[in-house]
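First comes the structure, then the notes that go with it.
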Amino acid sequence: MNLIILKYGILIGALLATTLYVSPALNPLSAPSGNQNSSGIDAQSIFAFGSQVFYKQVSQPGNEYMQTSVQGYSQNLVPSDADNRNYSSSWQVGVADFVTGYNRCTSALFDLASVPTMQTAKEKMAVCAEFAEGEGEMTKGQDEFTSAKASASPATDSGFTIAMVLERTGEIIQSSDNADTACMKAVVADHNHDQEGFAENLKATQSAVQDMQRVYPELQVLSSDFT
(Lines give C-alpha, C1' and ligand atoms only; values in the text may rest on other atoms or scores of the structure.)
Protein backbone atom coordinates (compact mmCIF):
# COMPACT_ATOMS: atom_id res chain seq x y z
CA MET A 1 0.00 0.00 0.00
CA ASN A 2 2.80 2.47 0.86
CA LEU A 3 4.47 1.70 -2.47
CA ILE A 4 1.28 2.49 -4.31
CA ILE A 5 0.80 5.79 -2.51
CA LEU A 6 4.39 6.73 -3.24
CA LYS A 7 4.18 5.89 -6.95
CA TYR A 8 1.11 7.90 -7.85
CA GLY A 9 1.88 10.53 -5.23
CA ILE A 10 5.01 11.20 -7.29
CA LEU A 11 2.95 11.06 -10.47
CA ILE A 12 0.40 13.63 -9.34
CA GLY A 13 3.07 15.76 -7.72
CA ALA A 14 5.03 15.83 -10.97
CA LEU A 15 1.97 16.78 -12.95
CA LEU A 16 1.09 19.57 -10.54
CA ALA A 17 4.67 20.81 -10.41
CA THR A 18 4.81 20.92 -14.20
CA THR A 19 1.58 22.90 -14.29
CA LEU A 20 2.52 25.26 -11.49
CA TYR A 21 5.95 26.21 -12.77
CA VAL A 22 5.36 26.69 -16.46
CA SER A 23 4.94 30.23 -17.72
CA PRO A 24 1.74 32.05 -16.67
CA ALA A 25 0.56 31.99 -20.25
CA LEU A 26 0.49 28.19 -20.14
CA ASN A 27 -0.42 27.74 -16.47
CA PRO A 28 -4.19 27.89 -15.82
CA LEU A 29 -3.66 27.60 -12.06
CA SER A 30 -1.64 30.82 -11.93
CA ALA A 31 -3.53 32.70 -14.61
CA PRO A 32 -5.98 35.48 -13.66
CA SER A 33 -9.41 34.20 -12.85
CA GLY A 34 -10.87 35.78 -15.94
CA ASN A 35 -8.60 33.69 -18.15
CA GLN A 36 -9.11 30.34 -16.42
CA ASN A 37 -12.53 29.77 -17.94
CA SER A 38 -11.08 30.08 -21.42
CA SER A 39 -8.60 27.25 -20.85
CA GLY A 40 -9.41 23.61 -21.35
CA ILE A 41 -6.99 22.60 -18.60
CA ASP A 42 -7.68 22.91 -14.88
CA ALA A 43 -6.67 21.10 -11.69
CA GLN A 44 -9.45 18.53 -12.02
CA SER A 45 -8.44 17.62 -15.56
CA ILE A 46 -4.84 17.19 -14.38
CA PHE A 47 -5.98 14.84 -11.61
CA ALA A 48 -8.15 12.94 -14.09
CA PHE A 49 -5.22 12.61 -16.48
CA GLY A 50 -2.98 11.35 -13.68
CA SER A 51 -5.61 8.77 -12.72
CA GLN A 52 -5.92 7.56 -16.31
CA VAL A 53 -2.17 7.20 -16.71
CA PHE A 54 -1.80 5.38 -13.41
CA TYR A 55 -4.60 2.86 -13.96
CA LYS A 56 -3.52 2.30 -17.55
CA GLN A 57 -0.07 1.32 -16.31
CA VAL A 58 -1.47 -0.81 -13.49
CA SER A 59 -3.57 -2.80 -15.97
CA GLN A 60 -0.47 -3.95 -17.83
CA PRO A 61 0.72 -7.59 -17.45
CA GLY A 62 3.20 -8.02 -14.64
CA ASN A 63 1.42 -5.58 -12.34
CA GLU A 64 -0.93 -8.11 -10.78
CA TYR A 65 0.16 -7.18 -7.25
CA MET A 66 -0.69 -3.53 -7.91
CA GLN A 67 -4.00 -4.53 -9.49
CA THR A 68 -4.94 -6.42 -6.34
CA SER A 69 -3.88 -3.51 -4.14
CA VAL A 70 -6.16 -1.00 -5.89
CA GLN A 71 -9.07 -3.38 -6.45
CA GLY A 72 -12.38 -2.01 -5.20
CA TYR A 73 -11.21 1.60 -5.00
CA SER A 74 -12.48 4.61 -6.95
CA GLN A 75 -10.80 5.21 -10.29
CA ASN A 76 -10.14 8.79 -9.15
CA LEU A 77 -6.77 9.15 -7.43
CA VAL A 78 -7.98 12.49 -6.10
CA PRO A 79 -11.55 12.06 -4.76
CA SER A 80 -14.21 14.38 -6.12
CA ASP A 81 -16.71 16.15 -3.87
CA ALA A 82 -19.27 13.47 -4.77
CA ASP A 83 -16.78 10.74 -3.80
CA ASN A 84 -16.23 12.38 -0.42
CA ARG A 85 -19.97 12.71 0.22
CA ASN A 86 -20.61 9.09 -0.72
CA TYR A 87 -17.72 7.92 1.42
CA SER A 88 -18.93 9.85 4.46
CA SER A 89 -22.50 8.58 4.11
CA SER A 90 -21.51 4.91 3.67
CA TRP A 91 -18.98 5.15 6.48
CA GLN A 92 -21.46 6.54 9.00
CA VAL A 93 -24.16 3.97 8.17
CA GLY A 94 -21.59 1.18 8.15
CA VAL A 95 -20.21 2.05 11.57
CA ALA A 96 -23.70 2.30 13.08
CA ASP A 97 -24.77 -1.09 11.71
CA PHE A 98 -21.53 -2.82 12.61
CA VAL A 99 -21.36 -1.53 16.18
CA THR A 100 -25.00 -2.50 16.78
CA GLY A 101 -24.42 -6.03 15.47
CA TYR A 102 -21.21 -6.47 17.43
CA ASN A 103 -22.85 -5.41 20.69
CA ARG A 104 -25.78 -7.74 20.04
CA CYS A 105 -23.49 -10.74 19.57
CA THR A 106 -21.35 -10.07 22.62
CA SER A 107 -24.42 -9.56 24.81
CA ALA A 108 -26.00 -12.81 23.57
CA LEU A 109 -23.19 -14.81 25.15
CA PHE A 110 -24.50 -13.99 28.63
CA ASP A 111 -28.00 -15.12 27.61
CA LEU A 112 -26.65 -18.42 26.31
CA ALA A 113 -25.20 -19.27 29.71
CA SER A 114 -28.75 -18.99 31.11
CA VAL A 115 -30.33 -21.36 28.57
CA PRO A 116 -30.62 -24.33 31.02
CA THR A 117 -32.81 -22.18 33.29
CA MET A 118 -35.16 -21.06 30.50
CA GLN A 119 -38.58 -22.66 30.37
CA THR A 120 -39.41 -22.82 26.66
CA ALA A 121 -37.63 -23.82 23.45
CA LYS A 122 -38.70 -20.47 21.96
CA GLU A 123 -36.74 -18.59 24.62
CA LYS A 124 -33.68 -20.74 24.02
CA MET A 125 -33.74 -20.39 20.25
CA ALA A 126 -34.17 -16.63 20.62
CA VAL A 127 -30.68 -16.52 22.08
CA CYS A 128 -29.17 -17.94 18.90
CA ALA A 129 -31.34 -15.56 16.88
CA GLU A 130 -29.49 -12.73 18.61
CA PHE A 131 -26.20 -14.07 17.26
CA ALA A 132 -27.67 -14.48 13.77
CA GLU A 133 -29.22 -11.00 13.74
CA GLY A 134 -26.04 -9.46 15.09
CA GLU A 135 -24.05 -11.14 12.35
CA GLY A 136 -26.55 -9.86 9.78
CA GLU A 137 -26.18 -6.29 11.02
CA MET A 138 -22.40 -6.51 10.92
CA THR A 139 -22.59 -7.88 7.38
CA LYS A 140 -24.75 -4.90 6.39
CA GLY A 141 -22.11 -2.66 7.92
CA GLN A 142 -19.39 -4.40 5.96
CA ASP A 143 -21.37 -3.88 2.74
CA GLU A 144 -21.46 -0.17 3.52
CA PHE A 145 -17.71 -0.18 4.11
CA THR A 146 -17.24 -1.83 0.72
CA SER A 147 -19.35 0.94 -0.80
CA ALA A 148 -17.23 3.52 1.00
CA LYS A 149 -14.08 1.95 -0.44
CA ALA A 150 -15.52 2.32 -3.93
CA SER A 151 -15.70 6.07 -3.29
CA ALA A 152 -12.20 6.31 -1.81
CA SER A 153 -8.74 6.66 -3.27
CA PRO A 154 -5.95 4.42 -2.01
CA ALA A 155 -3.82 7.60 -2.07
CA THR A 156 -5.72 9.09 0.89
CA ASP A 157 -5.83 8.38 4.61
CA SER A 158 -9.48 7.37 4.35
CA GLY A 159 -8.64 4.91 1.58
CA PHE A 160 -5.98 3.28 3.74
CA THR A 161 -8.31 3.23 6.76
CA ILE A 162 -11.22 1.59 4.95
CA ALA A 163 -8.97 -1.18 3.64
CA MET A 164 -7.75 -1.93 7.17
CA VAL A 165 -11.30 -1.77 8.54
CA LEU A 166 -12.58 -4.27 5.96
CA GLU A 167 -9.88 -6.78 6.89
CA ARG A 168 -10.82 -6.64 10.56
CA THR A 169 -14.59 -6.61 10.11
CA GLY A 170 -14.22 -9.74 8.00
CA GLU A 171 -12.43 -11.50 10.85
CA ILE A 172 -15.06 -10.44 13.37
CA ILE A 173 -17.96 -11.55 11.16
CA GLN A 174 -16.36 -14.97 10.68
CA SER A 175 -16.04 -15.32 14.47
CA SER A 176 -19.67 -14.29 14.93
CA ASP A 177 -20.70 -17.02 12.48
CA ASN A 178 -18.71 -19.52 14.54
CA ALA A 179 -20.46 -18.27 17.67
CA ASP A 180 -23.87 -18.67 16.04
CA THR A 181 -23.09 -22.26 15.03
CA ALA A 182 -21.81 -23.17 18.49
CA CYS A 183 -24.85 -21.55 20.08
CA MET A 184 -27.25 -23.73 18.09
CA LYS A 185 -25.28 -26.84 19.04
CA ALA A 186 -25.44 -25.80 22.69
CA VAL A 187 -29.21 -25.34 22.56
CA VAL A 188 -29.66 -28.74 20.90
CA ALA A 189 -27.47 -30.34 23.57
CA ASP A 190 -29.55 -28.72 26.30
CA HIS A 191 -32.74 -29.99 24.66
CA ASN A 192 -31.27 -33.51 24.72
CA HIS A 193 -30.30 -33.08 28.39
CA ASP A 194 -26.65 -33.39 27.36
CA GLN A 195 -24.97 -31.25 30.00
CA GLU A 196 -21.48 -32.08 28.81
CA GLY A 197 -22.35 -31.20 25.22
CA PHE A 198 -23.94 -27.95 26.35
CA ALA A 199 -20.88 -26.98 28.37
CA GLU A 200 -18.56 -27.82 25.47
CA ASN A 201 -20.49 -25.71 22.99
CA LEU A 202 -20.96 -22.87 25.48
CA LYS A 203 -17.18 -22.80 25.77
CA ALA A 204 -16.85 -22.80 21.96
CA THR A 205 -19.27 -19.88 21.74
CA GLN A 206 -17.33 -18.03 24.40
CA SER A 207 -14.09 -18.62 22.50
CA ALA A 208 -15.60 -17.24 19.28
CA VAL A 209 -16.87 -14.13 21.08
CA GLN A 210 -13.46 -13.64 22.66
CA ASP A 211 -11.96 -13.71 19.16
CA MET A 212 -14.37 -10.92 18.22
CA GLN A 213 -13.39 -8.96 21.31
CA ARG A 214 -9.71 -9.44 20.56
CA VAL A 215 -9.97 -7.89 17.09
CA TYR A 216 -12.50 -5.14 17.82
CA PRO A 217 -10.04 -2.82 19.65
CA GLU A 218 -8.03 -2.68 16.42
CA LEU A 219 -11.05 -0.99 14.82
CA GLN A 220 -11.08 1.51 17.67
CA VAL A 221 -7.43 2.31 16.95
CA LEU A 222 -8.27 2.90 13.28
CA SER A 223 -11.21 5.18 14.13
CA SER A 224 -12.71 6.58 17.31
CA ASP A 225 -16.15 6.08 15.70
CA PHE A 226 -16.02 2.46 16.87
CA THR A 227 -16.89 3.30 20.47
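Computed values, structure above
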quantity: Residue-normalised accessible area of the stretch 148-220, given per residue in Å² at a 1.4 Å probe; calculated: 48
quantity: The stretch 95-110 - phi-based ³J(HN,Hα) in whole Hz, Karplus 6.51/-1.76/1.60, Gly and Pro as x; calculated: 4, 4, 5, 5, 4, 4, x, 4, 5, 5, 5, 5, 6, 5, 4, 5
quantity: Nonlocal Lys pairs with alpha-carbon distance under 16 Å, the stretch 82-222 (8 or more apart, or different chains); calculated: 4
quantity: Spin-label model distance (nm) - Lys122 vs Ala199, 7 Å beyond Cα toward Cβ; calculated: 3.2
quantity: At R0 = 45 Å, FRET efficiency that the Cβ-Cβ distance of Ala113 and Ala150 yields, to 0.05; calculated: 0.65
quantity: Theoretical gain in end-to-end length, Thr227 to Gln206 [0.36 nm per residue, Cα-Cα removed]; calculated: 5.4 nm
quantity: Residue-count net charge about Ala129 - beta-carbon cut-off 12 Å; Lys, Arg +1, Asp, Glu -1; calculated: -3
quantity: Phi to ³J(HN,Hα) by Karplus 6.51 cos²θ - 1.76 cosθ + 1.60 over the stretch 178-193, Hz, x for Gly, Pro; calculated: 5, 5, 4, 5, 5, 4, 4, 5, 5, 5, 5, 4, 5, 4, 8, 6
quantity: Net charge contributed by nearby residues that have their C-beta within less than 13 Å of Gly159 (K/R +1, D/E -1); calculated: -1
quantity: 10 Å beta-carbon shell around Ala96, net charge (K/R +1, D/E -1); calculated: -3
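The values are calculated or read from the model by the stated rules, or taken from the named source; none is laboratory data. In this text, all values refer to a predicted model and were calculated from it rather than measured experimentally. Using ideal geometry, Cβ is built from the backbone for each residue, glycine included, and neighbour counts are taken over all protein chains shown. These accessible areas exclude ligands, DNA and RNA; they are computed on the full protein's heavy atoms, side chains included. Shrake-Rupley method; radii C 1.70, N 1.55, O 1.52, S 1.80 Å.
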